[in-house]
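Working notes for the structure below.
The values are calculated or read from the model by the stated rules, or taken from the named source; none is laboratory data. Everything numeric in this text was worked out from a predicted model, so none of it was measured. All Cβ positions, glycine included, derive from the backbone under ideal geometry; neighbour counts span all protein chains shown.
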Amino acid sequence: MILFSSKKVQNRFFSINPILIYIIGDMALYCLNKKLPFKINSTVSTEEEDIKYGRVSMSHREGRAVDLALDGWSENQRKTFCKVFNDKYKKEAAVSSKTKRSLLCVYGDQQHLQHIHIQVHKRYTMDGIVEIASNK
Ligand SMILES: [Zn+2]
């Protein structure tokens with residue numbers, strides 16, 4: 001089952017790229033089988049929200065990133081999860097500017113370590129997403 005941190009996050013989920021929705025479905029099934037909680041903290045964002053959360057990447061604004069809550073996950077479960085899905089979706093993953101490596105799944109960011117950030121490649125950017133997000 002997919003849980004959302006708020007109704008707003010849930011509504012915006014359907015504006016993300018369908019490739020990412022597909023991957024999230026696969027991840028939710030994995031978590032169901034492992035009895036791991038699967039809660040989405042963040043989907044599409046506005047520029048104001050990105051500034052507020054100290055985000056350096058535009059991936060949420062571009063409709064190609066989702067944040068997963070880590071409540072109830074051990075460090076090992078987190079590591080295994082990221083290994084499994086980074087291997088499985090290598091072709092869909094984003095490229096990190098720091099490491100030049102393809103990454104689908106990273107732990108948080110400098111400001112927010114307690115979530116997993118899942119992002120697909122820039123080619124999956126959704127056009128016009130900023131307008132949609134600002135209104136909801
Ligand atoms: Zn994120």
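Things worth noting here:
- Condition met for Gln77 (closer than 28 Å to Asn33 by Cα, modelled with pLDDT of 90 or more and not in a strand (DSSP E or B)): yes
- Checked against (1) assigned to a helix (DSSP H, G or I); (2) at pLDDT below 90; (3) closer than 19 Å to Ser5 by Cα; (4) away from the ligand (no atom under 15 Å from the Cβ), Lys136 passes all but a single condition, namely (1).
- Near pairs, Cβ below 6 angstrom, 6+ apart or cross-chain, from the stretch 109-125 (under 13 Å from Ser57 (Cα atoms) and within 8 Å of the ligand (Cβ to nearest atom)) to any residue that is assigned to a loop (DSSP other than H, G, I, E, B) and at pLDDT 85 or above: Gln119/Ser59; Gln119/Arg64
- Screening Arg64, Arg55, Arg78 for residues that are touching a helix residue (DSSP H, G or I) at 6+ places or on another chain (Cβ under 6 Å) and among the basic types (Lys, Arg) leaves exactly one candidate, Arg64.
- Residues in the stretch 38-49 that are assigned to a loop (DSSP other than H, G, I, E, B) and either in contact with a strand residue (DSSP E or B) (Cβ under 6 Å, 6 or more places away or on another chain) or surrounded by fewer than 15 Cβ atoms within 10 Å (Cβ to Cβ) (or both): Thr43 alone.
- Unique match (being polar (S, T, N, Q) and in contact with a Cys (Cβ under 6 Å, 6 or more places away or on another chain)) among Asn17, Asn86: Asn86
- In the stretch 1-22, the residues that are touching a residue at least 40 places away in the same chain (Cβ under 8 Å) reach residues that are of a type in the set (D, E, K, R) and surrounded by fewer than 16 Cβ atoms within 10 Å (Cβ to Cβ) with C-beta atoms within less than 8 angstrom, at least six apart or across chains, in these pairs: Lys8/Lys136; Asn11/Lys136; Arg12/Lys136.
- When we screen Arg64, Arg101 for residues that are of a type outside the set (Val, Ile, Thr) and at pLDDT 90 or above, the only hit is Arg64.
- Pairing residues of the stretch 34-62 that are within 23 Å of Ile19 (Cα to Cα) and touching a residue at least 24 places away in the same chain (Cβ under 8 Å) with residues that are surrounded by 19 or more Cβ atoms within 10 Å (Cβ to Cβ) and of a type in the set (Gly, Ala, Ser), at Cβ distances under 6 Å and at least 6 apart in sequence or on separate chains, gives Val44/Gly63; Val44/Ala133; Thr46/Ala133; Ser59/Ala65; Arg61/Ser45.
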